[in-house]
Amino acid sequence: MTKVVPPLSSSVADSSKPDYLGHRARMREKLLSKGAESFSDAELLEMILMTALPRRDVKPLAKQLLRQFITLSGVVHADVTVLQQIKGVKESVISLLKLIEGTCRVLLKPDTTNKTVLSEWNQIIDYCRFNLSHKNQEHLYLIYLDKSMKLITVDDFQKGSSDKLPIFPQEILKRALNLNASSVIMVHNHPSGEARPSREDLIQTENVRVYLLNSGIQLYDHLIIADHKIYSFNNKSLIG
């Protein structure tokens, strides 16, 4: 007589599935019901990693990446060559992180159509902070404005060292003239985290201001970005 084996109950069958699958389902439910803003950096990174690594428990890797890069922003901005050296970080992970970084840069890029720089000021600050706050070398960004204070373009103009950034006023003027710009905003970062300008920053800013003014172009502001801090020369009445 053939012995009939009863089917496994759903609870027994489910117990054979990896625990992280239930965790993923709960994460997706939270995302759809409460939105991404309800997530911590660790949870958002888990969601990113589970997309790139669908057959792995990604929580340990998320913790490892946050230990090394501190924040989700640090992970997204991490250098490709550094990420490639981390065990468990596959090409699919790096590709997705760089896709997110590039998408954020596109979405944050200020509008160059009909809005003035003053109406888009917060977006300009967010764009510059996103691009500059994580960098280990000083970078100079230049924002060019027309006579109506509308944005023409934003240039990643020059890179320096970890604590120095030589600035050449004649190159800034040449680019401004080519764009028919009426005003320029300088933006650079301090990797040290100190937002106050150095003596060299003050001297170079004045040199640029005078050089541009001689050709009828205004230096509207010079912003220093350090971590999440912003220092404005204009607000401090340091631009004559």
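The values are calculated or read from the model by the stated rules, or taken from the named source; none is laboratory data. Please read all numbers here as calculations on a predicted model, not as lab measurements. Cβ placement follows ideal geometry from the backbone for every residue including glycine, while neighbour counts extend to all protein chains displayed.
Among 27, 1, 47, which is the only one that is in a helix (DSSP H, G or I) and at pLDDT below 85?
One residue alone meets the criteria, 27.
Considering 239, 217, which residue is among the aliphatic types (A, V, I, L, M), more than 15 Å from residue 166 (Cα to Cα) and not assigned by TED's automatic domain parsing to the domain that holds residue 158?
The conditions single out 239.
Exactly one of (1) surrounded by fewer than 18 Cβ atoms within 10 Å (Cβ to Cβ); (2) touching a residue at least 24 places away in the same chain (Cβ under 8 Å); (3) under 30 Å from residue 57 (Cα atoms) is unmet by residue 91. Its number?
Going through (1) surrounded by fewer than 18 Cβ atoms within 10 Å (Cβ to Cβ); (2) touching a residue at least 24 places away in the same chain (Cβ under 8 Å); (3) under 30 Å from residue 57 (Cα atoms) one by one, residue 91 breaks only (2).
Among (1) surrounded by 13 or more Cβ atoms within 10 Å (Cβ to Cβ); (2) within 21 Å of the chain's Cα centre (by Cα), which single condition is residue 183 missing?
Just one mismatch for residue 183, condition (2).
Suppose we keep only residues that are under 18 Å from the mean Cα position of the chain (by Cα) and buried (at least 20 other Cβ atoms within 10 Å of the Cβ) within the range 219-240. Which one would you say is farthest from residue 189 (Cα to Cα)?
So the residue we want is 223.
Taking the conditions exactly as written (touching a residue at least 40 places away in the same chain (Cβ under 8 Å) and farther than 18 Å from residue 104 by Cα), does residue 65 satisfy them or not?
Considered against the rule, which asks whether it is touching a residue at least 40 places away in the same chain (Cβ under 8 Å) and farther than 18 Å from residue 104 by Cα, residue 65 comes out as no.
Could you identify the single residue in 150, 115, 159 that is exposed (fewer than 14 other Cβ atoms within 10 Å of the Cβ), modelled with pLDDT under 95 and of a type in the set (Lys, Arg)?
159
Check whether at least one residue in the range 69-80 is touching a strand residue (DSSP E or B) at 6+ places or on another chain (Cβ under 8 Å), surrounded by 14 or more Cβ atoms within 10 Å (Cβ to Cβ) and not hydroxyl-bearing (Ser, Thr, Tyr), and report yes or no.
No, there is no match, as no residue in the range 69-80 is touching a strand residue (DSSP E or B) at 6+ places or on another chain (Cβ under 8 Å), surrounded by 14 or more Cβ atoms within 10 Å (Cβ to Cβ) and not hydroxyl-bearing (Ser, Thr, Tyr).
Confirm whether residue 198 is free of Cβ contacts under 8 Å to residues at least 24 places away in the same chain and of a type in the set (Gly, Ala, Ser).
Considered against the rule, which asks whether it is free of Cβ contacts under 8 Å to residues at least 24 places away in the same chain and of a type in the set (Gly, Ala, Ser), residue 198 comes out as yes.
Given the range 57-171, what helices (runs of 4 or more DSSP H) lie entirely inside it while holding 1 or more residues that are closer than 30 Å to residue 25 by Cβ?
Where helices (runs of 4 or more DSSP H) fall fully within the range 57-171 and carry at least 1 residues being closer than 30 Å to residue 25 by Cβ, they are 59-69, 72-77, 80-83, 91-108.
Could you please let me know if residue 180 is closer than 24 Å to residue 80 by Cβ, modelled with pLDDT of 90 or more and polar (S, T, N, Q)?
no
Considering every residue within the range 202-218, establish whether at least one is touching a Lys or Arg at 6+ places or on another chain (Cβ under 9 Å), over 29 Å from residue 79 (Cβ atoms) and not aromatic (Phe, Trp, Tyr).
Within the range 202-218, one or more residues are touching a Lys or Arg at 6+ places or on another chain (Cβ under 9 Å), over 29 Å from residue 79 (Cβ atoms) and not aromatic (Phe, Trp, Tyr).
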